[in-house]
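One structure is given here, and the rest of the page talks about it.
Please treat every number below as a calculation from the coordinates, not as lab data. This one's a predicted model, so the numbers in the text were calculated from it and none came from an experiment. Here the Cβ positions follow ideal geometry from the backbone for every residue, glycine too, while neighbour counts run over all protein chains shown.
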Amino acid sequence: MLVVDAMKILITNDDGIYSPGLAALAKVAKRFGEVTVVAPDVERSSASHAITSHLPISFKKAKIDVDGIQAFKVNGTPADCAALGLHLSKIDLVLSGINMGPNLGNAMWHSGTLAAAKQAVLLGVRGIALSTPVGKDDPDFEAFESYVEETLHLLTKDDALTLYNVNFPPKPKGIMWTRQSNRMYDNQIVPSVDPMGRKHYWFTVIPLEAAEEGTDRWAVENDYVSITPLRLDLTDEALLQQHLKEKGGTAQAKGQQ
Ligand code: MN
């Protein structure tokens, strides 16, 4: 008889361990293997890929709203949680989310959700970040639970070292492979005053242009689950080739030896 070990899955997020999005993901992930949760003790949204290198981090046992899952809360960032979770036991797959808020287009640069999945890939374990938009009320995770399951089926077919960014619309009508939308956004800093008359500032990050067809933003705006395969190499290959051709491989200015 062929005995296949259960897939070992680590779940983390940036909304904090008690987020309903994490519980919704854990509920589905249980169908795929053995789930452990290692997640921040408080919300760390927009933490991006920060790591805690100047202080020790520690963890405590926690109880989340899904039966039969070991969970630990950490006084660290999402990337810390991925790294600590991978240190504590052997893991085959890291899932991060489901984030309460989309991580589309340029939002990927700020996302703690995506950073936790990226950290996993940097450490040699495949990672998937999962997010959904949020309105006035919390998302209805049950409304797209079947799509979470279908997405995990699609993305765990083999064990290649891959990084995916997934975004679920509230009521999906299908799944699309997409590229990252790369539009400029309005990064105005809006000054205001607090009740004590002190100055403070709000950052706004609103895309300036309509989403391009085939992108992550376009898919979610059109009620499709967006799956974007990502890479960690940020090199602009075309620009590199241009410079290599011009300078013969050296970047030194004339006269500098
Ligand atoms: Mn978040």
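Selection among S111, Q70, F59 by position relative to the dipole of the chain gives F59 as farthest towards the positive end (Cβ unit charges, Cα centre).
Indicate the gyration tensor shape class of the stretch 99-223 (rounded, prolate or oblate), computed on the Cα atoms with a ≥ b ≥ c the square roots of the eigenvalues: a/c under 1.5 is rounded; otherwise a/b larger than b/c is prolate and the rest oblate.
Details: a/c = 1.89, a/b = 1.66, b/c = 1.14.
Prolate.
Specify which residue in the list P170, T132, M184 is farthest towards the positive end of the charge dipole of the stretch 129-246, using unit charges on the beta carbon of Lys, Arg (+1) and Asp, Glu (-1), about the Cα centre. Of P170, T132, M184, it is M184. Magnitude of the charge dipole for the chain, about its Cα centre and with charges confined to Cβ atoms of Lys, Arg (+1) and Asp, Glu (-1), is about 720 debye.
Spatially close Lys pairs in the stretch 1-149, defined by Cα atoms under 13 Å apart and a spacing of eight or more places or different chains, total 5. Taking 0.36 nm per residue of separation and subtracting the Cα-Cα distance, full extension of the segment from D194 to L244 would add 12.7 nm. Legend: calculated FRET efficiency, T235 to A6, from the Cβ-Cβ distance at R0 = 35 Å, rounded to 0.05, equals 0.40. In the stretch 165-257 the Cα-Cα distances spread across 10 Å bins starting at 0 as 14, 23, 22, 22, 15, 4, 0 percent of all pairs.
Sorting 20-26, 82-88, 113-119 by average packing, meaning the other beta carbons within 10 Å per residue, from highest down gives 113-119, 20-26, 82-88. Values of log10 I(q)/I(0) for the chain across q = 0.10, 0.14 Å⁻¹ run -0.54, -0.96, by the Debye formula with one identical scatterer at each alpha carbon and no solvent. Separation of the stretch 97-175 from the stretch 1-70 is 14 Å, based on Cα centroids.
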